[in-house]
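Here's the structure we're looking at; comments come further down.
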Amino acid sequence: VLVTAGAATALFVVATTLLSEGDHLVVIRPNYGTNLETPRAIGCAMTIVDLTFETGFQLPVEAIRSAILPETKMISLTSPHNPTGVVFSEKAIQEIIELASSRGIRVLMDETYRYLNFQTALPAYAAEQNANVISICSLSKAFGAPGIRMGWLINRDPKLMHQLLAAKEQIMISNSAIVEAIAAEIMKQ
């Protein structure tokens, strides 16, 4: 677990660590702006896979599969989906994770809305399932504490976590000890 100043900072750390000009990203849309704008600013090529009202905003596994190119470095998802709140099926998420892992592609799973999911039992963070997955979460949405700027990313790959830590240290050095204490109190409650 790497603690950051909000989920947006975690998303920025991931994008700037893993993507560069000449790389390719597959991203679902609608999506949180940072998941689209940071890769665009880096010069990373993107294929956007739109979710639609007509399909209940469900994860289009085949469209994502078709969007993958040889230079694809990452697939960016949100679950529960931001902004619709749709909870994707575990089967669909697992298909994407297995597909990406078989090709050495990272999966970024923005899970900021996970604690607002009242439709199903709370699943494990996606990053707990596979070392190719990076999960992002924060206290902003479900805990109603966006002003304290407390987020985190989770990944099981020690080498990648070292790279992400190095990037975080260049962006923000460390978190506020006061903010971390407030966050700990919020989590206890």
Notebook entry, point to check: Can you give me the relative contact order of region 47-94 as a percent, contacts being Cα pairs under 8 Å and 6 or more apart?
Noted result: 32
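How big is D, in µm² s⁻¹, for the chain by Stokes-Einstein at 25 °C and 0.890 mPa s if Rh is the Kirkwood radius over C-alpha pairs? Intermediate results must be reported in sequence, preceding the final value.
On the way: Rh = 16.7 Å.
In µm²/s, the coefficient is 147.
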Margin query: Ignoring ligands, DNA and RNA, please state the percent of accessible area on the chain from carbon and sulfur, probe 1.4 Å.
Written below: 57
Notebook entry, point to check: Can you give the convex hull volume of the alpha carbon atoms of region 51-120 per residue, in Å³?
Noted result: 89
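Enter the mean projected area of the convex hull around the alpha-carbon atoms of region 106-185, in nm², rounded to one decimal. Provide the component values of the computation, followed by the final result.
Working: hull surface 24.0 nm².
Taking a quarter of the hull surface, the average projection is 6.0 nm².
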Next item on the list: Evaluate the distance, in nm, between pseudo-label points positioned 7 Å from the Cα of residue 37 and of residue 119 along their respective Cα→Cβ axes.
Entry: 2.7
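The values are calculated or read from the model by the stated rules, or taken from the named source; none is laboratory data. This structure is a prediction, so every number in the text was calculated from the model and none was measured. A quick note on method: Cβ atoms are made from the backbone with ideal geometry, for glycine too, and the neighbour counts reach across all protein chains shown. Protein only, heavy atoms only, side chains kept; ligands, DNA and RNA dropped before computing areas. Shrake-Rupley method; radii C 1.70, N 1.55, O 1.52, S 1.80 Å.
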